[in-house]
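All remarks here apply to the structure that follows.
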Amino acid sequence: MQSVSVLIPLALPGPYDYAVPDDMMLARGDFVRVPLGPRQVNGVVWGPGAGDVAPAKLKPVLARHRVPALRDPLMQFVDWVAAYVLAPPGLVLRQVMRVPAAFEPEKPVFGYRPTGTPPQRMTPARQRVLDVLKDTPPLPGPDLARLAGVSGSVIKGLHEAGSLAKTELATTGSERGPDPQMVGVALSPAQQEVAIALGTAVAAQTFGVHLLDGVTGSGKTEVYFEAISEALKKQRPALILLPEISLTAQFLARFERRFGSPPALWHSGLTPAERRRTWRAVAENRVQVLVGARSGLFLPWSDLGVIIVDEEHDGGFKQEDGVVYNARDMAIVRAQLTNCPVVLSSATPSLETFVNARQGRYKAHRLAARHGAAELPDIELVDMRTSPPQRGTWLVPQIGTAIEAAIERGEQALLFLNRRGYAPLTICRACGHRYACPNCDAWMVEHRFRRQLECHHCGHARPVPESCDACDAPDQLVACGPGVERIMEEVAARFPEARTAILSSDHMGGVAGIRETINQIAEGGADIIIGTQIVAKGHHFPKLSFVGVVDADLGLGNGDLRAAERTYQMLSQVAGRSGRETTGGRALLQTHMPDHPVLQALVSGDRDAFLEREAAAREQAGMPPYGRLGAIIVSATDQQEGLRFAQELARKTPSHDALRVLGPAPAPIARIRDRYRFRFLLKGTRQAPMQAFISQWLGGVQRRGSVRISVDIDPYTFL
């Protein structure tokens, strides 16, 4: 009897050996069901058995699922990611197998068709059902009821009367896929040149990293659509990764105009049935183009033709929980293992990408002008030290004047503040009590629209109290500082006739509500938009001509390695929403630090000079991309238990010439979800063996009690 090693999607050290029954044929990549203790679990055949145990003593594989086997490039990708981020390979495989329903036989779907036999008793509702089915193929009951405007009982009655018959529907779908031959928008000569270069790279079907570097509004999307068209001509699928896929209705509409049909979707907002259908369709090579979140990299692709990472600089591509990885970097590895090109697209490339392109490791393609007649907006600073807002307000007079002028022209104005809620802090005027989260070292944020205080780290919420918790004084609570809701309040008071809209992840309608609001704004249904970082996610608002940034200094003074870079990217992207189809786009940035290099770079428009200065500072300090960083976070429910373990870990730190260990130190937010956190930071040269060093280090200690250890290779944030 033969044996195979099976990798199970759990935090286990490696594959387990199982016996192969005589009547079963198994190959590498097959999905199987195996016993694990008292349970039965799904797994993947990772190779032949190790041979450590006689096959006769092994538990047998129970079944092979009728699902296409995983291809070698994806299995290699799982192993590579596990080794790089120091996660158990089973946890990485879990990213691939997150849809367990996909391994079970699909349940048949039935529809109704008319039999030609009228019911003895005809009603208007019954007639509407039969009318709907006159010119359509058989429809499932819920769809038929919705189209006819009737309840399910009406359809059931027609079926019992013999007027409708059930028929099994095909579930694989025969929808028309994207058509690469459809003509897109007319490209400018500069766009055409880049499109040809990308198309040539895709046609060659070889690996390479391409930076599509274009100013906001330069038409980068239309350019990389041409690369996708080339992949479709080669009959290889394309994967587009977006940082906020659930909010991209405008992008999907542009895609459908270009290719005649929508792409497949992959994000957390899909229903379980939609996830199952999409996963199976990818596994069976029936998806031509998919637009997805970062986890789209782990779908069971057979042979990708191109990977697009749009807004490659966006921090949303970094997964901070579970398996910690940066999808931008992993997309490059995935493309290399698949032997296809990868396109990194951005108006504000990350410093890592900028340096790689400058040094020739990536091929850079530049679009320096906006598409058509549109011009880049003028960016100006307002020094709040000399031009402060009026008492009791948050907007300087210049911004109010600019909003008024935009509305008079029939255009739109956007106010940006990257702070959710009404106010970041609530205190008692009588005793000074500050409302903090009981689970985290963070202040509770007031959300006045919902009349509650909320922690943005753990989600703990409570109603806004009528009296102070500490001194019981009534009506003494005061909000300190502005959030977008407070700016909304000021705007409503100053411009009572204007139509306003707020864009924030706290939107009361959830993701669907945000999408609806974005569409409403794009169609001109709002005069003034107040938003958080959601507004910087590549949206196109044709009538938007003015952007006001309420606090341009927010994020500059926190000492984070990437604070300046992230602030530049955010403000540049926000300002770039203006003037995309109007003349004279303009942005005003309120600041107390008008001489800060980030803000001066924005005003001058000299992005490359700013990045060169940042790169020089990083190189001098040996920081990424010229050096390597790693982080180890120790957490425990008991503060002293966590501290003792961190100190023990520090005493056992190995020594290495190319690596330096800093810490332990309490994390900047020392307690989250009632867990006390201590951080180590590892700093080394580009050649430093970071993973081997950490593996050796952590292998010499034994976790105890409530202690947990998290490893973050190439940390993006330091909280």
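Looking at the range 364-424, the trypsin sites (Lys or Arg not before Pro) that sit in a DSSP loop and have at most 16 other Cβ atoms within 10 Å of their own Cβ are Arg385, Arg391, Arg409. Which percent of the Cα-Cα distances in the range 30-95 go past 15 Å? For the range 30-95, the share of Cα pairs beyond 15 Å comes to 61 percent.
Charging the Cβ of each Asp and Glu at -1 and of each Lys and Arg at +1, and nothing else, the dipole of the range 3-97 about its Cα centre rounds to 280 debye. In the chain, Cα pairs under 8 Å separated by at least six residues give a relative contact order of 11 percent.
Straight-line cross-link partners of Lys683 among the lysines, defined as a Cα under 26 Å from its Cα and at least 8 positions apart when in the same chain: Lys318, Lys652. Could you tell me what a quarter of the Cα convex hull surface of the range 516-674 works out to, in nm² with one decimal place? Computed as one quarter of the Cα hull surface, the answer is 13.3 nm². Between amide H atoms placed 1.01 Å from N, distances below 5 Å from Leu381 occur with Leu589, all of them 5 or more places distant or on a separate chain.
Here the relative contact order of the range 435-584, from alpha carbon pairs under 8 Å that lie six or more residues apart, stands at 15 percent. Give the distance, in whole Å, between the Cα centre of the range 457-519 and the Cα centre of the range 110-140. Going from one Cα centre to the other spans 50 Å. Dipole check for the range 189-367: with +1 at the C-beta of Lys and Arg, -1 at the C-beta of Asp and Glu, and the Cα centre as origin, the magnitude is about 440 Debye.
Size descriptors for the range 426-536: radius of gyration and Dmax over Cα atoms are 16.2, 50 Å.
Among DSSP beta bridges whose residues both lie in the range 189-367, state the antiparallel percentage, nearest 5. Roughly 5 percent of the DSSP beta bridges within the range 189-367 come out antiparallel.
Given +1 at the Cβ of Lys and Arg, -1 at the Cβ of Asp and Glu and no other charges, the dipole of the chain around its Cα centre is 1780 debye to the nearest 20. Taking packing as the residue-averaged number of other Cβ atoms within 10 angstrom, the listed peptides 84-94, 265-275 run from highest to lowest as 84-94, 265-275. Panel values: the range 627-713, Kirkwood radius from alpha carbon pairs, Stokes-Einstein at 25 °C and 0.890 mPa s, translational diffusion coefficient 188 µm²/s. The range 109-169: Rg/Rh from Cα coordinates, Kirkwood Rh? Radius of gyration relative to Kirkwood radius: 0.90.
Expressed to the nearest 5 percent, the antiparallel share of DSSP beta bridges inside the chain is 55 percent.
Any idea what the relative contact order of the range 627-713 is, in percent, if you count C-alpha pairs under 8 Å spaced at least 6 apart? Value for the range 627-713: 48 percent. The distance separating the Cα centre of the range 562-625 from that of the range 198-230 comes to 25 Å. The Cys residues in the chain with no partner Cys Cβ within less than 4.7 Å of their Cβ are Cys340, Cys458, Cys480.
Normalised radius of gyration (Cα atoms, divided by 2.2 N^0.38 Å) for the chain: 1.07.
Here is the list for the range 478-557: GluC sites (Glu not before Pro) lying in DSSP coil, each with at most 16 other C-beta atoms within 10 angstrom of its C-beta, are Glu497, Glu523. Dipole orientation for the chain: of the candidates Phe416, Leu367, Gln696, Gln696 has the Cα lying most toward the positive pole (charges on Cβ; Lys, Arg +1; Asp, Glu -1).
Taking one quarter of the surface of the convex hull spanned by the alpha-carbon atoms of the range 189-367 gives a direction-averaged projected area of 9.8 nm².
Checking the Cα-Cα distances for Lys234/Lys537; Lys107/Lys166; Lys220/Lys543; Lys107/Lys156; Lys220/Lys363; Lys220/Lys537 against a 23 Å cut-off, the pairs over it are Lys234/Lys537. With the charge dipole of the chain set up from +1 on Lys and Arg Cβ and -1 on Asp and Glu Cβ about the Cα centre, the Cα lying farthest toward the positive end among the listed residues Ala575, Gly525, Ile407 is that of Gly525.
Here, each number is a calculation from the coordinates, and none is a lab measurement. None of these values were measured; they are calculated from a predicted model. No Cβ is skipped: glycine too gets one built from the backbone with ideal geometry, and neighbour counts run over all protein chains shown.
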